[in-house]
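The structure under discussion appears below in the form of structure tokens.
The values are calculated or read from the model by the stated rules, or taken from the named source; none is laboratory data. All of these numbers come straight from a predicted model, not from anything done at the bench. Cβ placement follows ideal geometry from the backbone for every residue including glycine, while neighbour counts extend to all protein chains displayed.
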Amino acid sequence: MLTACARAGVPPVVPSPVTHTILWTDSQAETRLSRFRFVPDSLRVVAGDSVRFTVGSGSPHLVEFDIERLPPEAVAHIRAAFERLDPTTAPRLHTRFFQQVGSGVTLSTEGWPPGDYGFHCVAHRALGEVGLLRVAARPR
Ligand SMILES: [Cu+2]
């Protein structure tokens with residue numbers, strides 16, 4: 001089918017940017033071993049999509065990208081995105097804390113190079129609140 005379309009000169013379908021949601025959770029009721037989590041803790045996006053980090057429950061959370069688990073050329077893009085949100089925390093690649101359920105930040109991945117982006121919550125990293133964003137190149 002794809003081959004037929006390509007032969008007919010039909011351009012490939014380019015997906016429109018979408019906004020994904022990742023929740024910060026404090027799911028004490030589920031298990032004490034993995035109380036603090038990102039849900040989902042792994043997400044695949046296409047460059048240009050947005051990612052909304054939202055408090056689902058519990059304690060104050062923030063998101064910080066792991067400078068050692070990023071495509072090297074991604075650091076400047078993340079810093080620029082965070083700069084628009086809060087210049088005081090941007091140099092360290094993290095947001096401020098959010099606590100109220102439903103509050104959070106939306107990051108656009110426009111221009112972000114493809115690769116794996118590790119992130120965590122500074123407050124609960126040792127308790128397992130870590131995640132991974134897989135950014136794929138947007139088809140042209
Ligand atoms: Cu947290």
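Quick one: what pairs do we get from the range 127-138, first residue farther than 15 Å from P40 by Cα and in contact (Cβ under 8 Å) with a residue 24 or more places away in the chain, second loosely packed, with under 15 Cβ neighbours inside 10 Å and of a type in the set (A, V, I, L, M), C-beta under 8 Å, 6+ apart or different chains?
R138/V14
Of the conditions (1) of a type outside the set (D, E); (2) closer than 12 Å to W24 by Cβ; (3) touching a helix residue (DSSP H, G or I) at 6+ places or on another chain (Cβ under 8 Å), Q100 clears all except one; give me its number.
Among (1) of a type outside the set (D, E); (2) closer than 12 Å to W24 by Cβ; (3) touching a helix residue (DSSP H, G or I) at 6+ places or on another chain (Cβ under 8 Å), Q100 violates only (3).
Return yes or no: is E129 acidic (D, E) and within 16 Å of the ligand (Cβ to nearest atom)? Spell out how you get there, then give the answer.
Values: acidic (D, E): yes; within 16 Å of the ligand (Cβ to nearest atom): yes.
The answer is yes for E129.
For the range 109-119, how many residues meet the condition of being touching a Lys or Arg at 6+ places or on another chain (Cβ under 9 Å) and surrounded by 16 or more Cβ atoms within 10 Å (Cβ to Cβ)?
Here the count works out to 3.
Hey, does the range 77-94 have a residue that's in contact with a Cys (Cβ under 8 Å, 6 or more places away or on another chain), of a type in the set (F, W, Y) and under 15 Å from L133 (Cβ atoms)? Can you show your working first?
Let us first name the residues in the range 77-94 that are in contact with a Cys (Cβ under 8 Å, 6 or more places away or on another chain), namely none.
Within the range 77-94, none of the residues are in contact with a Cys (Cβ under 8 Å, 6 or more places away or on another chain), of a type in the set (F, W, Y) and under 15 Å from L133 (Cβ atoms).
Kindly list, by first and then second residue, each pair from a residue in the range 69-98 that is within 21 Å of G48 (Cα to Cα) and crowded, with 19+ Cβ neighbours inside 10 Å to a residue that is at pLDDT 90 or above and of a type in the set (S, T, N, Q), limited to pairs with Cβ atoms under 8 Å and residues at least 6 apart or on different chains.
From residues that are within 21 Å of G48 (Cα to Cα) and crowded, with 19+ Cβ neighbours inside 10 Å, the pairs are A81/S108; F82/T95.
Could you list all residues from the range 101-126 that are within 14 Å of the ligand (Cβ to nearest atom) and in a loop (DSSP other than H, G, I, E, B)?
Applying the first criterion (within 14 Å of the ligand (Cβ to nearest atom)) to the range 101-126 yields 101, 103-105, 119-126.
Once the filter is applied, which keeps residues that are within 14 Å of the ligand (Cβ to nearest atom) and in a loop (DSSP other than H, G, I, E, B), the range 101-126 yields V101, S103, C121, V122, A123, H124.
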